[in-house]
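The values are calculated or read from the model by the stated rules, or taken from the named source; none is laboratory data. Bear in mind the structure is a predicted one, so any value in this text is a computation, not a measurement. Glycine gets a Cβ as well: all are built from the backbone with ideal geometry, and neighbour counts include every protein chain shown.
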Amino acid sequence: MSVDLLANALRKARDLEDENLYAALQLAEGDERWNVLLCPPLDPARCEMDVQLFDERQVMCPDLYQATISGSMNRVNKLLGLADEITRINDASHDVKVVLEDTPEKKSGGKFHGDGLCTLREVTAGKNTMLHIAAEQGHVELAKQLISMDNTLLTSENSRNKTPLHLPARAGKHNIIFLIVLLAQQSLTRGAFQVLSKRSTDGDTVLHEAVRNGHEDSVQVIMTLAPALSAEVNNASISPLYLAVVRKSVGVVKTLLEYKHTSAAGPKKQNALHAAVLGSPEITSMLLRWRAELAYERDDSGSTPLHYAASDGDVAVVQTILDRVPLAVYIRDEEGSSPLHVAAQMCHYSTIDSIIDRCPHSFELRDNQGRNFLHILVQPVREINFSRYSLIEKLLLSLGLKPPAIIGKQINLDRYGLKKIVNERDNKGNTPLHWASMFGTSTKIMELIEIQKADTTVINNEGKTALDHAISQDSFSLMARSTLSLFTCGATFGPQRQDKLENWKNKELTKLLRI
């Protein structure tokens, strides 16, 4: 038992003037078990925090950090307390021996570490070792020296589990990549595999790092050393090829496509072709020549690369896919939409023409609601690739209006012999004219009736005509536009008792008129 603790307890008992308490404490003298009651245990949380704060690897000295960044070997040697004469790695034999000597500087203590000089095991705030830093900066000679002094640095990991090989791959220092792999092969138990197979916290290989940052030379080096890495995906299921396509790095893509085993995987079950069709015609062609079946693969929404291309409206890309894999046009997504439906939703008329030209009976495709592409075409535009439009057109689109590039365009159904789809009904019995009247698209209503000769008397499963839908609009402006267009063309209501007709009313507008 601690004498000081017991003496303190006896003093407090005396102050309390309690003889029994004082006597009990006197009897406790010499009883080690009582020490548990007098001395509280350490706070486990505090102990754990202390362990985290004081890692056995020391924080890197600022001077050592700057010297390593600059690649100054003389300064590094001085801070590490090494002799002026150091046996260099022989370039022919790659002998990794080094001579260490006691020097006055080594005995005198360092500037940052009060109890001695800097050490090789010091790390930065991100847990980067000296080799991480030297490798990222491309300091070949310094990296050689560090590896010769401690080859375990080759497999050291920073806070993101990245090794000294990940960093030069990211920085594009392909000479360092050669060096690390060579020395790892010579000095590590499992050779170069031990460093080439390492993954970061995100699951990235060194190839992911090189590709993501567009370093074609580094990619070629890594693919020469370990081509199997092109088949690996990271934690987000992203392959190096997908990253290269997103960057539009044609050279990197070409290198990766030299290997049939290369993975094309991307996030959300996409593949590299899904990414390529959005603005990369050259890469799209390369991928289709390499593996045409990519065009049939669907992402987690059921969309193929052709769905993506149809949404973007690049006719050249759409034609490239259809020329290679025309059957892709018949694949529908989870909502039942075909690429033709998607092109119609975006009002990409040229894309619609291109699809029907190459696949003339694709117009028969219906979505899960039983709608053909014309049902979709008459609806308002959802979103459009703004990069294709001027500032004024972008403003019109942001307001839900169609720019001049879209207004007035129409599909020549006579050309394709598709007049019959004008009056086709969906699962609820609605024709394209019903849908146009629901959204107040007066130009589409007039086009359907005057040009496409839509039948205004068709009723849906509820017995409603297009005019019934138009008059039931909540918005006055939409109701007025649709109703006026339909009345002008002689449209009629569906059969019903005249005393049961509902007048148009909008509660908010009615309140406003009463004020």
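Tabulated data
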read-out	value
Where A143 falls short, out of the listed (1) crowded, with 21+ Cβ neighbours inside 10 Å; (2) under 26 Å from the mean Cα position of the chain (by Cα)	(2)
Residue satisfying condition, being β-branched (V, I, T) and buried (at least 24 other Cβ atoms within 10 Å of the Cβ), within set T224, T284	T284
In the stretch 177-193, residue surrounded by the fewest Cβ atoms within 10 Å (Cβ to Cβ) [restricted to those that are touching a helix residue (DSSP H, G or I) at 6+ places or on another chain (Cβ under 8 Å), more than 13 Å from L225 (Cα to Cα) and in contact (Cβ under 8 Å) with a residue 40 or more places away in the chain]	S187
Residues being under 21 Å from P267 (Cα atoms) and either out of contact with any Phe, Trp or Tyr (no Cβ under 8 Å at 6 or more places or on another chain) or in a helix (DSSP H, G or I) (or both) - total across the stretch 302-327	10
Which listed residue is of a type in the set (V, I, T) and either more than 48 Å from the chain's Cα centre (by Cα) or modelled with pLDDT of 80 or more (or both), from I411, I449	I449
I471, sole failed condition from (1) touching a Phe, Trp or Tyr at 6+ places or on another chain (Cβ under 8 Å); (2) closer than 23 Å to I352 by Cα	(2)
Those residues of the stretch 328-346 which are in a loop (DSSP other than H, G, I, E, B) and polar (S, T, N, Q), in sequence order	S337, S338
Subset of the stretch 454-480 (residues that are charged (D, E, K, R) and touching a helix residue (DSSP H, G or I) at 6+ places or on another chain (Cβ under 7 Å))	D455
Cross-chain or 6+ apart pairs with Cβ under 6 Å, the stretch 128-144 first and of a type in the set (A, V, I, L, M), then outside any helix (DSSP H, G or I)	L131/P164; A135/P164; L142/G71
H208 being out of contact with any helix residue (DSSP H, G or I) (no Cβ under 7 Å at 6 or more places or on another chain) and buried (at least 22 other Cβ atoms within 10 Å of the Cβ)	no
Any hit, the stretch 347-357, residues being assigned to a loop (DSSP other than H, G, I, E, B), in contact with a Lys or Arg (Cβ under 8 Å, 6 or more places away or on another chain), modelled with pLDDT of 95 or more and not aliphatic (A, V, I, L, M)	no
Of the criteria (1) in contact with a strand residue (DSSP E or B) (Cβ under 7 Å, 6 or more places away or on another chain); (2) under 22 Å from D202 (Cβ atoms), which one E297 fails	(2)
Filtered residue count, the stretch 430-448, keeping only those that are under 19 Å from R371 (Cβ atoms) and assigned to a helix (DSSP H, G or I)	11
Sole residue being farther than 21 Å from A264 by Cβ and small (G, A, S), chosen from S230, S159, S237	S159
Residue in the stretch 244-262 that is surrounded by fewer than 17 Cβ atoms within 10 Å (Cβ to Cβ) and over 30 Å from F178 (Cβ atoms) present	no
Filtered residues of the stretch 194-225 (kept if of a type in the set (A, V, I, L, M, F, W, C) and under 14 Å from H166 (Cα atoms))	V195, L196, V206, L207, A210, V211, V219, V221, I222
Hits in the stretch 450-468 - residues which are within 15 Å of G494 (Cβ to Cβ) and in contact with a Leu (Cβ under 9 Å, 6 or more places away or on another chain)	D455, T456, V458, T465, A466, L467
Restricting the stretch 258-301 to residues that are assigned to a helix (DSSP H, G or I) and of a type in the set (V, I, T), the residue that is nearest to T351 (Cα to Cα)	T284
